[in-house]
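All remarks here apply to the structure that follows.
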């Protein structure tokens, strides 16, 4: 394979591997900007993946599957909200708990319902989101450089991929150009001030957590019924945590979140490509280095060596109205 | 009126509230079992029989309990200093490297009781080492310990796979694991202890690490409630600003608390690595680090509570394995669901019943 084909193929899988990160990191963005830490992104993604695969299998309709995924993810969000907003519990403990519940429940229910060791049955046809071939692919394909990029990277993805990229400017607009967004950011920095202005901190934070659940529904559905054609146990495989890392890496800003997700997706794609290949002069690079790199980079960033990441000031602190 | 500031007697705070939370967690677990079409009461009976019914079952239960005591203590020590160490899993994993290196180096020359102290130190040092960077980042650079310890779990997992696949593997073998330790690098089983109670241990790997775990419980109690350092840690945990105002060095206390926490997590590795499989394997921790979170929350970060909570989870792990054998519809992962629900209700929703209890308590007091 010549060099350019390799680049195109790696870029193609970079896009595919970034999408679940992107939805999830944006979900975390809304939650954390409102002052609610969300370690439970991983669990929501996993639960949504399972639910979407089940619904899509039963109904044979990918859109209903997506709806199922979103609903379950919203339920998880509500539990997280109930624990951390209404009961003022520890947000991290709640997130950790929900991750376990999701990890266990998806396998227990999957085995009980389908008896395939935690897998859901294979989806066919309308049950999953098929790749969309954009217009003029055949015309442009032979144009050097732009042609293959258009045909293999930009075209040929499923609808959720395009929605993910559309969600980035939309999130930016909501967070930075609407009244809701302004209040949401304010409640993450200084909930007392928001309360003084006569706006309900509780309701605002619940809405933020629900937006997070909504977006995690998309990432779960992407894993199970767009990228794959079934739910496989533990299929989120730590992606929720990588998304969290991407969110921190992007310093809680929507457009940088996209680039961070693309970077971490690229590392993943590159690791897959490098598996078993030798680099001239160095020899075979262990694939574990690429697996660990997103986490190492995030730690270096957190240490303040690549600029400083300021988390929302009121993050993780429950708001008490009266004392 | 807010009910948060009304004081309640200790038997409600430390007895009734945790009990209520636990009951709700198990009630919901029962609902899940019922939902998938099995009888929750039969499941509970099978689970308890599977965990406590025979000598070897008790041996396995206590084997799991041992691991959970270590990780529970690890989470608890950090908790007292106001730090949430999610990294016990990774610290235990790296601790296994320390224990295994000691065992590999000494097992040909000395008997196990000479190897053991070095292995304890090795495991603790490696575990503490893995906790050091997140601790330093928290203390000096202000990065959130929860995030960094999560990251270090993943980095540790990648590192260990690399070492086992490329460095420590026995040449010519396929399995990514070290060679089997000779008896000089193994911790002997406690079959004599079981024999005292008239039970046979059989193949269960219940071993000397259990005693080490109990000693650590005592030492942690001593540290937290009977030393200056423990007092400083608790002060920091309750109010960092008050601690700093009182002249307690913030960075030093944070780092030392995390080193102790990591060391305890690292020692957990003695149990599976030197007490059971006699070799270092990929993913030998198997989630015990995360169980430690549930154990610590349930045990209210007190060593005695931790022993009971660890025993409960030991029963769940061993009984759950047996249950999935008897009722194939209920997979082993049911334990993970229960674990999650326990963390949710005993941790995040810990005060859910408090307002109601305050009302009932006040009514009774007035009457």
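A short reminder: the numbers here are calculations on the coordinates, not readings from a lab. These figures come from a predicted structure and were not determined experimentally. No Cβ is skipped: glycine too gets one built from the backbone with ideal geometry, and neighbour counts run over all protein chains shown.
Estimated from helical segments only, the mean residue ellipticity of chain B at 222 nm is -22500 deg cm²/dmol, where each DSSP H run of four or more residues counts as -39500 (n - 2.57).
Along its first, second and third principal axes, ordered by size, region A:1-88 spans 59, 35, 15 Å in Cα coordinates. Taking all Cα pairs closer than 8 Å and separated by 6 or more residues, the relative contact order of chain B comes to 34 percent. Roughly speaking, what % of Cα-Cα pairs in region A:209-323 are separated by over 17 Å, rounded to a whole number? For region A:209-323, the fraction of Cα-Cα distances above 17 Å is 67 percent. In whole angstrom, the protein assembly as shown maps to an equivalent ellipsoid with semi-axes of 39, 32, 27, each derived as √(5λ) from the alpha carbon gyration tensor and ordered largest first.
Which angle from 0 to 90°, rounded to the nearest 10, does the C-alpha axis of helix A:41-59 make with the longest principal axis of chain A? Approximately 60 degrees, to the nearest ten. Under a Gaussian network description of chain A, with springs only between Cα atoms under 10 Å, the residue in A:106, A:24, A:178 that fluctuates furthest is A:178.
Taken along its principal axes, the alpha carbon cloud of region A:70-114 reaches lengths of 38, 20, 12 Å, longest axis first.
The convex hull drawn around the Cα atoms of chain A, when projected onto a plane and averaged over every direction, covers 18.9 nm². With neighbour counts taken as other beta-carbon atoms within 10 Å, the residues B:255, B:238, B:86 rank, fewest first, as B:238, B:255, B:86. Per residue, chain A reaches -21000 deg cm²/dmol at 222 nm when only DSSP H runs of four or more residues are counted, each adding -39500 (n - 2.57). What residue among B:318, B:138, B:186 has the largest mean-square fluctuation in a Gaussian network model of chain B, using Cα springs under 10 Å? Its mean-square fluctuation being the largest, the pick is B:138. Rounded to 0.05, the FRET efficiency of the residue B:108 and residue B:192 pair, given R0 = 25 Å and the Cβ-Cβ distance, is 0.45.
Convex hull volume of the C-alpha atoms in region B:1-75, normalised per residue: 164 Å³.
Relative contact order for chain A: 34 percent, from Cα pairs under 8 Å spaced at least 6 residues apart, divided by residue count. Please give the helix A:179-189 orientation as an angle from the longest Cα principal axis of chain A, in degrees from 0 to 90, rounded to the nearest 10. For A:179-189 against chain A, the angle is about 70 degrees. Over all alpha-carbon pairs in chain B, figure out the percentage whose distance exceeds 41 Å. Here the long-distance tail beyond 41 Å is 14 percent of all Cα pairs in chain B. Among B:234, A:185, A:205, sorting on how many other beta-carbon atoms sit within 10 Å of each Cβ, with the fewest leading, yields B:234, A:185, A:205. For region B:82-284, the Kirkwood hydrodynamic radius comes to 18.0 Å, computed from all pairs of different C-alpha atoms. Look at A:2, A:195, A:234 and count the other Cβ atoms within 10 Å of each Cβ; fewest to most, that gives A:2, A:234, A:195. Under a Gaussian network description of chain B, with springs only between Cα atoms under 10 Å, the residue in B:143, B:296, B:74 that fluctuates furthest is B:143. Distance between the modelled labels on residue A:173 and residue B:308, one decimal in nanometres: 5.7 nm (7 Å Cα→Cβ projection). Here region B:1-155 is treated as an ellipsoid with the same Cα gyration tensor; its semi-axes, largest first and in whole Å, are 35, 28, 16. Counting only alpha carbon atoms, the long axis of helix A:254-274 and the longest principal axis of chain A meet at about 40°. Counting every alpha-carbon pair across region B:151-212, the share separated by more than 18 Å comes to 60%. Across 5 Å bins from 0, what is the distribution of all Cα-Cα pair distances for region B:210-367, in whole percents? Spelled out per bin, shortest first, that is 2, 7, 12, 15, 16, 16, 12, 9, 6, 3, 1, 0, 0. A viscosity of 1.567 mPa s and a temperature of 4 °C, combined with the Kirkwood radius over C-alpha pairs in the Stokes-Einstein formula, give region A:117-167 a diffusion coefficient of 101 µm²/s.
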